[in-house]
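Novice: Next up is a structure, given as structure tokens.
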Amino acid sequence: MRIVVCIKEVSSRESRYEVASDEAWINEANISFEINECDEYALEEGLKLKEHFGGEVVVLSVGDPRAEKVMRKALAMGADRGILIADERRQLTSPHLLGKVMSSALKDEEFDLVLTGTQSDDLSYAQTAVVLAELLSIPHATIIMKIEAEPEAKRLRALREMESGRFQWLELPLPALLSIQAGSSPVRYASLKGIMQARKKEIRTLKPEELGVEATAVPELEVVRLYQKKEERKAELLEGETGAIVEQLVEKLQKEAKVL
């Protein structure tokens, strides 16, 4: 099987965030970065399918040159090669634009399966995978916990997590796209041998202009201002007889707090 796994570079979950001075984004000077959590589970599922059926795992990412570091980790874990769509000015911000450039990058790739995470840790849109599947014109399913593939029959079964603890088995023809839920299975560590081999594996860089998106285009989504809400505490002491205090309290809860 040839499997494409989409991964995203995000700030680590242990990071301490502070808003940048221009209030356009967070201050990244003292933050470390890692593979998006759900994407790591997608990668693990792809590597398990490769080990069982043979083939190739290709990692696809959109980001600035720094994203190559997390791609090297994916290669060290067992992926075979990578494709990086260069977004040095961070203009590819919307799920539509991301889906557009990724689908263009895959137009010359023959694949059986595309795997993504359910959502990203930073923006949590949970839309890019669905948009990408539609632009590729392939069937898709979201929040997947388990995959049973039959490459020779060109089909697979996927276990989808539903609401209230329910699950649903789906059957899809190949090629298809699945977005993987965090916690689907234990994620492996990169071995020392894998880390050494990853240095020699290919990461091909593509520019947005090559994929039909002008680098100077206005982004579809733009962060206007990022700020921390100021904490304000205010207490009011009600005095008088108990009955009067209760009436005042109920009135304030209704008219001021609006919780009744």
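The values are calculated or read from the model by the stated rules, or taken from the named source; none is laboratory data. Keep in mind that this is a model prediction, so the values were computed, not measured. Here the Cβ is made from the backbone with ideal geometry for all residues, glycine too, and neighbour counts use every protein chain on show.
Novice: Going through L115, L60, L132 one at a time, which residue ends up being in contact with a Cys (Cβ under 8 Å, 6 or more places away or on another chain), under 23 Å from V187 (Cα atoms), among the aliphatic types (A, V, I, L, M) and in contact (Cβ under 8 Å) with a residue 60 or more places away in the chain? Full working, then the answer.
Specialist: Details: L60 fails: in contact (Cβ under 8 Å) with a residue 60 or more places away in the chain; L132 fails: under 23 Å from V187 (Cα atoms).
Exactly one of L115, L60, L132 is in contact with a Cys (Cβ under 8 Å, 6 or more places away or on another chain), under 23 Å from V187 (Cα atoms), among the aliphatic types (A, V, I, L, M) and in contact (Cβ under 8 Å) with a residue 60 or more places away in the chain, namely L115.
Novice: I need a count of the residues in the stretch 244-260 that are under 41 Å from the mean Cα position of the chain (by Cα) and farther than 18 Å from K234 by Cα.
Specialist: The qualifying residues number 1.
Let's see how each residue does on (1) among the β-branched types (V, I, T); (2) modelled with pLDDT under 95; (3) touching a Pro at 6+ places or on another chain (Cβ under 6 Å); (4) surrounded by fewer than 12 Cβ atoms within 10 Å (Cβ to Cβ):
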site: D121; (1), (2), (3), (4): no, yes, no, no
site: I143; (1), (2), (3), (4): yes, no, no, no
site: L174; (1), (2), (3), (4): no, no, no, no
site: I203; (1), (2), (3), (4): yes, no, no, no
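Novice: Listed residues S185, S164, S120, S104; which is out of contact with any Ser or Thr (no Cβ under 6 Å at 6 or more places or on another chain) and free of Cβ contacts under 8 Å to residues at least 12 places away in the same chain?
Specialist: On the way: S185 fails: free of Cβ contacts under 8 Å to residues at least 12 places away in the same chain; S120 fails: free of Cβ contacts under 8 Å to residues at least 12 places away in the same chain; S104 fails: free of Cβ contacts under 8 Å to residues at least 12 places away in the same chain.
After ruling out the rest, the residue left standing is S164.
Novice: Now a separate question. How many residues does the stretch 4-59 hold that are over 17 Å from A76 (Cβ atoms) and part of a strand (DSSP E or B)?
Specialist: Residues flagged as over 17 Å from A76 (Cβ atoms) and part of a strand (DSSP E or B) within the stretch 4-59 amount to 6.
Conditions tested, residue by residue: (1) assigned to a loop (DSSP other than H, G, I, E, B); (2) closer than 30 Å to H96 by Cα; (3) of a type in the set (F, W, Y).
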| residue | (1), (2), (3) |
| --- | --- |
| E222 | yes, yes, no |
| R225 | yes, yes, no |
| K230 | yes, no, no |
| R233 | yes, no, no |
| E239 | yes, no, no |
| E247 | no, no, no |
| V250 | no, no, no |
| Q254 | no, no, no |
| A257 | yes, no, no |
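Novice: Also, I was wondering about something else. Do you know which residues across the stretch 72-104 are in a loop (DSSP other than H, G, I, E, B) and farther than 21 Å from L43 by Cα? First the steps, then the outcome.
Specialist: The first filter runs over the stretch 72-104 and keeps only residues in a loop (DSSP other than H, G, I, E, B), leaving 78-80, 87-94.
Within the stretch 72-104, D87, E88, R89, R90, Q91, L92, T93, S94 meet the criteria.
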